[in-house]
1. Condition first: more than 7 Å from every other protein chain (Cβ to nearest Cβ) and open to solvent by less than 10 Å² (accessible area, probe 1.4 Å). Now tell me which residues in the range A:211-223 satisfy that.
2. Evaluate the following for B:Glu157: is it under 25 Å from B:Thr109 (Cβ atoms), open to solvent by 30 Å² or more (accessible area, probe 1.4 Å) and in a helix (DSSP H, G or I)?
3. Over 30 Å from A:Glu47 (Cβ atoms) and either touching a residue at least 40 places away in the same chain (Cβ under 8 Å) or away from chain B (no Cβ under 14 Å) (or both): does that describe A:Gly208?
4. Quick test for you: out of A:Leu188, A:Leu202, A:Leu219, pick the one residue that is touching a residue at least 12 places away in the same chain (Cβ under 8 Å), assigned to a loop (DSSP other than H, G, I, E, B) and not aromatic (Phe, Trp, Tyr).
5. Of all residues in the range A:9-37, how many are open to solvent by 50 Å² or more (accessible area, probe 1.4 Å), closer than 24 Å to A:Pro139 by Cβ and modelled with pLDDT under 95?
6. Kindly evaluate A:Pro207 against the criterion of being touching a helix residue (DSSP H, G or I) at 6+ places or on another chain (Cβ under 9 Å) and of a type outside the set (S, T, N, Q).
7. Looking at the range B:30-71, which of its residues are in a strand (DSSP E or B) and β-branched (Val, Ile, Thr)?
8. Could you figure out which of (1) in contact (Cβ under 8 Å) with a residue 24 or more places away in the chain; (2) within 20 Å of the chain's Cα centre (by Cα); (3) within 11 Å of chain B (Cβ to nearest Cβ) isn't true of A:Arg158?
There are 2 protein chains.
Amino acid sequence: VIRLFVTDELAVGRAIGLSGPHAHYLIDVMRLKAGAQVLAFNGVDGEWRARLARVSKDTWSLFPDAMERPQAGGPDLELLIALIRKPRLETVVEKAAELGARRVGLVRTGRTSPGGANLSRLTAIAAEAAEQTGALAVPEIIAPMALGEVLAAWGGERRLMFCDEAGDAPGVLEALKGSEPAAGWTILIGPEGGFCAAERALIRGAPGVVPVGLGPRILRADTAAIAAMTLWQAALGDWRGA
Amino acid sequence: VIRLFVTDELAVGRAIGLSGPHAHYLIDVMRLKAGAQVLAFNGVDGEWRARLARVSKDTWSLFPDAMERPQAGGPDLELLIALIRKPRLETVVEKAAELGARRVGLVRTGRTSPGGANLSRLTAIAAEAAEQTGALAVPEIIAPMALGEVLAAWGGERRLMFCDEAGDAPGVLEALKGSEPAAGWTILIGPEGGFCAAERALIRGAPGVVPVGLGPRILRADTAAIAAMTLWQAALGDWRGA
């Protein structure tokens, strides 16, 4: 069954106008006809069964019929990752959607290159991953900020899991033992080449920081991000038990 | 420092003839001159400092000078993954090298498409990942076999961690609690769309099988493979503690 991430409210009787790309995908690519059923979710209202209808010559809408699955809260996991090269950043965003992160924030550090990030493309990648893997929400992609700025505003209400490749931090499972998922966690991943010494000191001094190691080998930034999200979900998130 | 995976023995005084691609990379791309130092490893003899030398007009060799790091054994982790589409399979092989798998075997299942795999390209990807992330070995890539054939020959000396997306298996950390890494483990990952019911029954009946779940969301096959290798390393492998 086709699943679509939409930004409109999902409720019985509220028509959802299909965007150009969604209409093209359903009508031209998947060759659906009026009356066909799809699943729609918006990250808030759960997953809905919806009917495709043609409202004018070139305009198609979805009509939600019934909720199939209620919105599940899920743990408050955020990924904060240095601006790495595009293909690897895209992999990270796709995997963050599959692994249940709520937000992906991008940070500039001493060793990131100056370029920006295409936020709408990253959002589209996250949405597609969520559509194809049965997720009920799409991580929000947050525009790049300077690391110093992020840390200066860090109040410590959220815990900060700092993936420190310098090698003296305990493993994730050991470091998280006895912790609570309660107020939300942010995982911080540096660029290829790592954080510089001054940045590491600044991060380690932030309130609520928990430094962790990711094994004896060097990992690329995308691998580190995926591994860290996985271990967090297994230790404190919704992978526990089941 | 440039690191090279070589297939020759590494010992003082034994010249290593450079292959075309290695010579091109060192001389034309990185512009190294005779006398330059690189690091070389072959998965057996540890990591060696080696000197670049020109032995004739178009022939370059490496001369190992001294061992920098001895070969580390590392846990006996193998990944067995259904033949998935090329870009995702390449991601898996790259990540298997970073995450310390010894072998990546490919299996055909009811839901894999008939095509093959380019083993030499996959091996080159694994070697590059190992070179760039400080690993001392490159996972061996094993040609596709039928799932039934693999299971028929499965003696149970190795444990088989079966990533079963059907949803009733315990989480990896729970399932592995109290297990030993001793005789080696193989992680089995199915194709997009999963194993069929008959295959699942066959796998669950194999000797030494440990079914595990990977959280409440559906994961793509590449994500499942990376997550499973990460959790195995944290629970039973060389990520424990540090």
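The values are calculated or read from the model by the stated rules, or taken from the named source; none is laboratory data. Model, not experiment: these values are computed from the prediction. We place every Cβ from the backbone using ideal geometry, glycine too, and count neighbours over all the protein chains shown. Just the protein is used for accessible areas: all its heavy atoms, side chains included, with ligands, DNA and RNA removed. Shrake-Rupley method; radii C 1.70, N 1.55, O 1.52, S 1.80 Å.
1. A:Val212, A:Ala221, A:Asp222
2. Details: under 25 Å from B:Thr109 (Cβ atoms): yes; open to solvent by 30 Å² or more (accessible area, probe 1.4 Å): yes; in a helix (DSSP H, G or I): no.
No.
3. Working: over 30 Å from A:Glu47 (Cβ atoms): yes; either touching a residue at least 40 places away in the same chain (Cβ under 8 Å) or away from chain B (no Cβ under 14 Å) (or both): yes.
Criteria met by A:Gly208.
4. Values: A:Leu188 fails: assigned to a loop (DSSP other than H, G, I, E, B); A:Leu202 fails: assigned to a loop (DSSP other than H, G, I, E, B).
Answer to the selection: A:Leu219.
5. Number satisfying all stated conditions: 4.
6. Values: touching a helix residue (DSSP H, G or I) at 6+ places or on another chain (Cβ under 9 Å): no; of a type outside the set (S, T, N, Q): yes.
No, not satisfied.
7. Keep residues of the range B:30-71 that are in a strand (DSSP E or B), which gives B:37-41, B:47-56, B:59-69.
Selection gives B:Val38, B:Val55, B:Thr59.
8. Only one criterion is unmet by A:Arg158, namely (3).
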